[in-house]
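Accompanying notes for the structure given below.
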Amino acid sequence: MSKILLVDDDIELCELLDQLLRQEQFDPYFLYRGDEALEVIRSSNYELVVLDIMLPGKSGLELLREIRVESMIPILMLTARGEDSDRILGLELGADDYLPKPFNPRELSARLRAILRRVSIDDGDDNELEVGPIRLSKQSRRVLLKGSELTLTGAEFAILAALIDDSGAAVSKETLCLKALNRPLQAFDRSVDVHVSNLRKKLAAGGGQNLILSVRGRGYQFAS
């Protein structure tokens, strides 16, 4: 069972999710305040964190920012429907994905499974790709840029791997969403764009400018 932490002050929703997630073979633990979560994450071995944005004590976005200073644990944000700015900010701060409220609990379960599949290590896949200054190992999930390791979220790693797999060719946002985020691209969904933007910043900081190109009307391309 996958051990996950959910931080949400809606106690009734948490009780519902507790029952459903256990049926789906998750092991959930719940907190109702944002200012209690960081120490719990530090002291426990969770595989994934679900954060509501609106929390007492400390907002989900504040908590996300603090977590990312010291951990790349996968994080799914719960956002108010229609609050695009919160979704984009969450992704920019390092969230792996988001789910608007209200949501179908089974959609949450599906998103959690997609994230866990994305960050799991497949012992049978030892592909190591080397393109230009990048060396990427799918088995160990490590990326070296000019010999120095990059710290990437699970989503960023998956998108970079998908682009390098088709190095030199344009990869559509629809394909990246399916291959990297394990879900179809939805209308007005900017997740792929924000993850690519974050990737570009990290690559540029390591001396890898202009490695991911925008191809008008076609998507993104890793410069081979």
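Read-outs throughout are calculated quantities, based only on the coordinates presented, and are distinct from any laboratory measurement. Being a predicted model, the structure only gives us computed values, none of them experimental. With ideal geometry, Cβ positions are generated from the backbone for all residues, glycine too; neighbour counts draw on all protein chains shown.
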Item to complete: Filter the range 68-109 down to residues that are closer than 28 Å to Ser137 by Cβ and over 13 Å from the mean Cα position of the chain (by Cα) and give me whichever is surrounded by the most Cβ atoms within 10 Å (Cβ to Cβ).
Response: Glu70
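Conditions (1) touching a Lys or Arg at 6+ places or on another chain (Cβ under 9 Å); (2) within 26 Å of Ile75 (Cα to Cα); (3) surrounded by fewer than 16 Cβ atoms within 10 Å (Cβ to Cβ), marked per residue:
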{"position": "Pro133", "(1), (2), (3)": "yes, no, yes"}
{"position": "Leu136", "(1), (2), (3)": "yes, yes, no"}
{"position": "Arg141", "(1), (2), (3)": "no, yes, no"}
{"position": "Ser148", "(1), (2), (3)": "no, yes, yes"}
{"position": "Thr151", "(1), (2), (3)": "yes, yes, yes"}
{"position": "Gly154", "(1), (2), (3)": "yes, yes, no"}
{"position": "Phe157", "(1), (2), (3)": "yes, yes, no"}
{"position": "Asp165", "(1), (2), (3)": "yes, yes, no"}
{"position": "Gly168", "(1), (2), (3)": "no, no, yes"}
Worksheet item: Tally time: how many residues in the range 40-56 are surrounded by fewer than 17 Cβ atoms within 10 Å (Cβ to Cβ), free of Cβ contacts under 8 Å to residues at least 40 places away in the same chain and under 18 Å from Leu13 (Cβ atoms)?
Response: 0
Worksheet item: Which one of Leu116, Leu21, Leu78, Leu5 is touching a Ser or Thr at 6+ places or on another chain (Cβ under 8 Å), farther than 21 Å from Leu176 by Cβ, in contact (Cβ under 8 Å) with a residue 60 or more places away in the chain and not aromatic (Phe, Trp, Tyr)?
Response: Leu21
Discussion item. For a quick check of your reading: which helices (runs of 4 or more DSSP H) sit entirely within the range 116-224 and have at least 1 residues that are over 19 Å from the mean Cα position of the chain (by Cα)?
Written reply: 154-165, 191-205
Practice prompt. Starting from residues that are outside any helix (DSSP H, G or I) and among the small types (Gly, Ala, Ser), keep the ones in the range 1-48 and report whichever is farthest from Tyr98 (Cα to Cα).
Written response: Ser44
Worksheet entry | Qualifying residue in the range 149-169 (condition: of a type in the set (A, V, I, L, M), within 24 Å of Ala80 (Cβ to Cβ), in contact (Cβ under 8 Å) with a residue 40 or more places away in the chain and out of contact with any His (no Cβ under 6 Å at 6 or more places or on another chain)) | no
